[in-house]
Structures are given as C-alpha cells and as structure tokens.
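Structure first, then comments.
No lab work stands behind these numbers, since they all come straight from the coordinates. The shown structure was predicted, so the numbers you read here are calculated from the model rather than taken from an experiment. Glycine also receives a Cβ, built like all others from the backbone with ideal geometry; neighbour counts cover every protein chain displayed.
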Amino acid sequence: MTYLFARQPLAATRLLALWCAAALALTGCGATNSTVNIEPGEQFVLGGGSGSAFRVQVQNLGPGPITVRSRSAGGEVSDLAVLEPDEQETVRFPARASALLSNASEFATQVAVRIWSVGRLGMGYDPVE
C-alpha cells in the first residue's frame, strides 16, 4: 500500500493547515469588529434568521446606558445586560435569535461590537420595544 505523505509528514501537516484555513475563510467563521451608532429611542438588531448560534461582545462607548436583549425566533424578548458607559459584556445567542442593543436614553450613542458567527447575520434598526 502506498501512502501519499508517508515520507513527508511536515508536508501533510502544512496541507492540512492550509485546508483548514481555507475552510474557515469560505464559511465566514471568525470575528468581525464594528462601531455602531444608535440614535435615541432606537435599537440595533443583529441576527434573526441565521441557522447557527452567534456570540457578541458589546462595549458601550456612549454617555448613557445600553440594554442588551435577546429576541427569540418566536418573538419573546428578554433583558440580558445593562451596560453603563465603558462597560462591556460578551453574550451568546441561539440560532434564529436576534441581539437587540437598545438605547432608551435621550442621547445618541455608540457601541463597539465584536461578532463571532459561522453564518451571515442580518442587521438593522427598530424603535425600542
């Protein structure tokens, strides 16, 4: 029996590493960083339909509190965290859920987000619920 990489284990390891890196790049795995502006009385909506779970790290860069909520596929909303200025939290969301970053204050604000997801996530704005 002949093995393709029997005498070249380093080449096999490099080929496997290259294949894994390509697979991760093609599936969209990894982290995405962004700064999001949220007007008073609005919420930034992330997700809602993705077939896979995702994780979001949120840092409040603004002058007032931001509420991090989860909206299930069935529409049920639950509060997960309230972030005061300069605070941050990492939150996990199940498949088909939406992350809601709510600004109920009277000031426009910004949040820094880092998103880990296998699939694509929808994004948009809604009035605060």
For this session: Measure off 7 Å from each Cα along the Cα-to-Cβ vector at Ala73 and Gln110, then give the distance between these two points in nanometres to one decimal.
Result: 3.6
For this session: Report the charge-dipole magnitude of the range 45-129 in Debye, nearest 20, computed about the Cα centre from +1 at each Lys and Arg Cβ and -1 at each Asp and Glu Cβ.
Result: 540
Exercise. What are the residues whose amide H is under 5 Å from the amide H of Ala97, where those residues sit 5 or more places off or on another chain and H is modelled from the backbone?
Worked result: Gly48, Gly49
For this session: Go ahead and run the numbers for FRET between Glu129 and Val36, Cβ-Cβ distance against an R0 of 22 Å, rounding to 0.05.
Result: 0.80
